[in-house]
Amino acid sequence: MSDTSRRPRKPYRRPQKDPVRILAFEALRAVDERDAYANLVLPPLLRKAREKEGPDTFDGRDAALATELVYGTLRRQGTYDAVIAACVDRPLKDVDPPVLDVLSLGVHQLLGTRIPTHAAVSASVDLARVVLGDGRAKFVNAVLRKVAQHDLDGWLELVAPPYDEDPEEHLAVVHSHPRWVVSALWDSLGGGRAGIEDLLEADNERPEVTLVARPGRATTEELLREEAAVPGRWSPYAVRLTEGGEPGAIEAVRDGRAGVQDEGSQLVALALANAPVEGPDEKWLDGCAGPGGKAALLAALAAERGAVLLASEKQPHRAGLVARALDGNPGPYQVIAADGTRPPWRPGSFDRVLMDVPCTGLGALRRRPEARWRRRPEDLDGFAPLQRGLLRTALESVRVGGVVGYATCSPHLAETRAVVADVLKQFPRTELVDARPLFPDVPALGDGPDVQLWPHVHGTDAMYLAVIRRTG
């Protein structure tokens, strides 16, 4: 056979080092290896990339793409895992996690963005060569070429069971939530397919950045001068940044006069501040104050009325965050590090108490998409004694005629109504206050007396609030 009959070899092409995709991969590895949260990992990675690559190289579009790749991949991880599982010849648990991260990034580009197919595959294979090596890059290439044979709807037809056969598993795969979370959210909503699908889809949407103008320190008028800023939907102190943006670049946020705070969180603080009390209204308590968003708003509202807020947080480093958030408050306040289940203050010391208890965080899955994959049903058993203990402390800490706000950022019934019902059996001289009038102009608040907010209905995190008055 002559040399001319041989097929010429393709020249070896060096993989392109793509700083955007390398950054996205590093963020996913941190989330996986260190149980980090993307919203905490991504900003320092972006700053480091700007310093290394230069502002002209790593511009706003690069940061936006890196953010979309990370958050989009985490939100749709359940769906993408099902697709990848259909394209590999081994269980996903046998695929090395770094390889799975590269594959997931590639699948998101193929099925969740407008990046052209050839570019998505080529960029992912280049990333694999850089971070995994040539051998694994071939595996990534083979899998992604299989994935590219169908669009997202086509894959969902293949990997999700029909709704009529298994509604919960269908919704879990299509909307990328663990099955137990689908079941819990469905129970909290009270049934109906449309509501649960709307909620799960809302969890997969990127939330707007919402700011709070802390009373006496900043105004919404000042914040509304920012680019793409519009008023909040419900809170008089809220301003939404409709095109994202970097809150740290806003002067009022840098100075601590304003902060980043979901509108649902603002509404809970406002409701507690406006609940009717009998007698004096001078001493307020935030019993689980970290990291300080609600405490800062409560302290500012208290200062306007001549009241004083005590902000208590068990973890010293979180108490430090609370102190930073309250620094510059126009009136007196105090921040302490204390265990809320063994409080250092005397019973009946306060007129108002907010107890926003630790929980599974199922109400904030828009902002922390990785939380849905970390949480387990057994976590509820771990939180239950603490939640009940903190609510008991709150009821012991408020005087007769005062009010307690029990809040969670979870709509799970085991963390909301079940806790309130159990604890109130031990406190017969209490009454549930109808909290709905404390959310003026907010629609669809249910039958009361407690309030459950929803991302798909109110555009907020799924905050829960029960207001309880001591009657004796």
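Data for the structure
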item	result
Cβ-placed point charges (K, R +1; D, E -1), dipole of the chain about Cα centre in debye, nearest 20	1360
Cβ-placed point charges (K, R +1; D, E -1), dipole of the stretch 32-172 about Cα centre in debye, nearest 20	680
Sequence-separation-based contact order of the stretch 354-455, relative, with Cα cut under 8 Å and 6+ spacing, percent	30
Using a Förster distance of 25 Å, the FRET efficiency for Arg254-Glu197 (Cβ separation, nearest 0.05)	0.05
The stretch 71-133: C-alpha gyration tensor shape, a/c 1.5 cut-off, then a/b vs b/c	oblate
Potential extension, Glu304-Asp153 segment - 0.36 nm per residue separation minus Cα distance	49.0 nm
Nearest-ten-degree value, helix 179-189 long axis tilted from longest Cα axis of the chain	40
Test item: Cα-centred dipole of the stretch 336-401, Lys/Arg +1 and Asp/Glu -1 on Cβ, debye	220
Selection from Cys359, Leu297, Val277 lying farthest towards where the dipole of the stretch 238-371 points positive, charges on Cβ	Cys359
Near-label residues of the stretch 285-319 by backbone N, under 16 Å of a point 7 Å along Cα→Cβ of Ala338	285-290, 308-316, 319
Of (1) 31, 27, 23; (2) 56, 22, 20; (3) 46, 26, 18, the label for semi-axes √(5λ) of the Cα gyration tensor in Å derived from the coordinates	(3)
Which listed pairs, of Lys283/Lys314; Lys17/Lys146; Lys52/Lys314; Lys93/Lys314, have C-alpha distances above 31 Å, in listed order	Lys52/Lys314; Lys93/Lys314
Chain lengthening between Leu40 and Asp447 when straightened (0.36 nm per residue, less Cα-Cα)	142.8 nm
Helix-derived mean residue ellipticity, 222 nm - over the chain, DSSP H n ≥ 4, -39500 (n - 2.57), to 500	-14000 deg cm²/dmol
Nearest-0.05 FRET efficiency for Lys17 and Ala384, computed from C-beta distance (R0 51 Å)	0.55
Positive minus negative residues near Tyr406 (Lys, Arg vs Asp, Glu; Cβ under 14 Å)	0
Highest-first arrangement of 434-441, 182-189, 340-347, where packing means the average Cβ count within 10 Å	182-189, 434-441, 340-347
Stretch gain in nm, segment Arg324-Lys48, where the contour uses 0.36 nm per residue and the Cα spacing is subtracted	96.9 nm
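Read-outs: derived from the displayed coordinates by stated rules, not from any lab. None of the values given here were measured: they were computed from a predicted structure. Cβ atoms come from the backbone with ideal geometry, glycine included; neighbour counts cover every protein chain shown.
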